[in-house]
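Only one structure is covered here, and it is reproduced in the block below.
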Amino acid sequence: MIIEPDIKLDFKDVLIRPKRSTLTTRKEVDLNRKFSFVNAKLEIPYKGHELIPEYSGIPIMASNMDGVGTFDIADALIPHGMFTCLTKIYSEKDLVDFFTSESNKGGRTDYVAMSIGITEEDKNKFNTVYEQAKEKLRYVCIDVANGYTERFCTFIGKFRDAYPNIIIIAGNVCTADQTQELILKGADIIKCGIGPGSVCTTRVKTGVGYPQLSTIIECSDAAHGLGGHIISDGGCTVAGDIAKAFGGGADFVMLGGMLAGHDEGGGEIVDNKVQFYGMSSRTANEKHFGGLRDYRAAEGKTVEIPYRGKIINTVQDILGGLRSACTYSGARRLKDLCKCTTFIRTTVQENKVYS
Ligand code: 5GP
């Protein structure tokens, strides 16, 4: 047994220190970011760019969860340049229709990922959709609860070989070593976060996890060294947490609970509340697999959250908070927020001495 004595931090353990700035209003702040990806390689130029695929937008993502990663949420986020990872529950036909429809003016191609797991069935499903959607499908999110297994790494490697041009999002992991491993296997963007989710019970059920701000700081450092990118996935409960995630070095921030409870999520509204649940909760398992599979404990819970109307209001709140955070820190662009950020620690982890 080994103990790592370093203090690891969560969003709640820090605040961003305000700094002198020449910005006069938060409107001047540019939240747009441009990335080019390290492993995906195009065969023909896309939008006149080189053969390295590029991304440009506000790098906030809707999580691939029920009530969040829906077609309607994707369409509502596209005008803001925000990204959606679709839930895994959509059928091949629905996915093909979504990506190939006349309504796809390019936004669905640039800001939406199809999500899969790592079974043979998942691989075939992706292949069927890709065969029909072709270059209209650019992103895949391959995620499992535990991104540390050899089987997962092997799957990512084989997927990269089979689809050289697809931008691969892979996760979830929470440490530098495995972030690097997945990039070296061919992933472009690593989804980082084990245990921080609002409806996740991994930490209490298994004792496993990593404080999310330290996950971001350590994984982004590792990824950027190799030309890769990371998503901070889970644990944001307010706009300030998103600012802290970007301040810590996240390239993208993924949200579940903060984007749940809206019209576009499609949930049933009862007494002004909407049900929201983890994707490995009993509720999700019963909905999609006809019951909880007996070999795994439910590491997700089900909660009722207030119904919040149209998502646009929440989006504006989030973007307003983020612009304001940049103004306080003196960052003219979201890109600069990380280098402008000084975190101050606000919680004390005492060393208790028992005598
Ligand atoms: P939130 O933004 O709600 O705090 O976190 C969203 C993230 O929680 C998701 O993107 C996903 O990584 C994670 N998550 C979703 N469902 C479950 C679940 O049932 N169990 C666990 N352990 N994590 C989940």
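The values are calculated or read from the model by the stated rules, or taken from the named source; none is laboratory data. Everything quoted here is computed from the prediction, not taken from an experiment. Neighbour counts are summed over all protein chains in view; Cβ atoms, including those assigned to glycine, are modelled from backbone coordinates with ideal geometry. The area values use the complete protein model at the heavy-atom level, side chains included, leaving out ligands, DNA and RNA. Shrake-Rupley method; radii C 1.70, N 1.55, O 1.52, S 1.80 Å.
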* Can you pull out the strands (runs of 3 or more DSSP E) entirely within segment 234-317 that have at least 3 residues that are within 13 Å of the ligand (Cβ to nearest atom)? -> 252-255, 302-306
* **Failed criterion for PHE99 (all others in (1) within 30 Å of THR237 (Cα to Cα); (2) open to solvent by less than 10 Å² (accessible area, probe 1.4 Å) hold)** => (1)
* Residue ranges of helices (runs of 4 or more DSSP H) in segment 20-115 with at least 1 members under 24 Å from GLY249 (Cβ atoms) -> 71-77, 107-111
* Structure fact -> Reported set for segment 176-216 where residues are farther than 30 Å from TYR163 by Cα and assigned to a helix (DSSP H, G or I) is THR202, ARG203, VAL204, LYS205, THR206, GLN212, LEU213, SER214
* Asked: How many residues, within segment 116-137, are closer than 22 Å to ASN285 by Cα and either assigned to a strand (DSSP E or B) or in contact (Cβ under 8 Å) with a residue 60 or more places away in the chain (or both)?
  -> 1
* Just wondering, is there one or more residues in segment 74-95 that are crowded, with 23+ Cβ neighbours inside 10 Å, more than 30 Å from THR302 (Cα to Cα) and away from the ligand (no atom under 16 Å from the Cβ)? -> no
* With respect to VAL144, is the statement that it is at pLDDT 95 or above and open to solvent by 10 Å² or more (accessible area, probe 1.4 Å) true? -> yes
* segment 138-173, subset touching a Leu at 6+ places or on another chain (Cβ under 8 Å), of a type outside the set (S, T, N, Q) and outside any strand (DSSP E or B), residue nearest to the ligand (Cβ to nearest atom) -> GLY147
* To do: Spot the failing condition for LYS191; the list is (1) out of contact with any strand residue (DSSP E or B) (no Cβ under 6 Å at 6 or more places or on another chain); (2) within 12 Å of the ligand (Cβ to nearest atom), and only one is missed.
  => (1)
* Asked: Just checking, how many residues over segment 201-222 are under 15 Å from the mean Cα position of the chain (by Cα) and either open to solvent by 40 Å² or more (accessible area, probe 1.4 Å) or more than 10 Å from the ligand (Cβ to nearest atom) (or both)?
  -> 5
* **Test: residue in segment 46-54 that is crowded, with 18+ Cβ neighbours inside 10 Å, within 24 Å of GLY228 (Cα to Cα) and without any contact (Cβ under 8 Å) to a residue 40 or more places away in the chain** => no
* Structure fact -> Scanning segment 1-31 residue by residue, the ones that are touching a residue at least 60 places away in the same chain (Cβ under 8 Å) and open to solvent by 60 Å² or more (accessible area, probe 1.4 Å) total 13
* Criterion: at pLDDT below 95 and within 30 Å of GLU102 (Cα to Cα) - qualifying residue of GLU131, GLU135 -> GLU135
* Structure fact -> If we ask which residues in segment 1-19 are among the acidic types (Asp, Glu) and not in a loop (DSSP other than H, G, I, E, B), their number turns out to be 1
* Asked: Just one of ASP177, ASP188 is modelled with pLDDT of 95 or more and surrounded by fewer than 18 Cβ atoms within 10 Å (Cβ to Cβ); which is it?
  -> ASP177
* To do: Give me the pairs, please: first residue somewhere in segment 69-93 and on the phi > 0 side of the Ramachandran plot, second residue anywhere and in a loop (DSSP other than H, G, I, E, B) and open to solvent by less than 60 Å² (accessible area, probe 1.4 Å), beta-carbon distance under 6 Å, and either six or more positions apart or on two chains.
  => GLY81/ILE58
* segment 270-280, residues that are out of contact with any Pro (no Cβ under 9 Å at 6 or more places or on another chain) and surrounded by 12 or more Cβ atoms within 10 Å (Cβ to Cβ) -> GLN275, PHE276, TYR277, GLY278, MET279, SER280
* Asked: Pairs, please: C-beta under 6 Å, at least 6 apart or cross-chain, first residue closer than 30 Å to CYS338 by Cβ and in segment 246-275, second acidic (Asp, Glu) and open to solvent by 10 Å² or more (accessible area, probe 1.4 Å)?
  -> MET254/ASP233
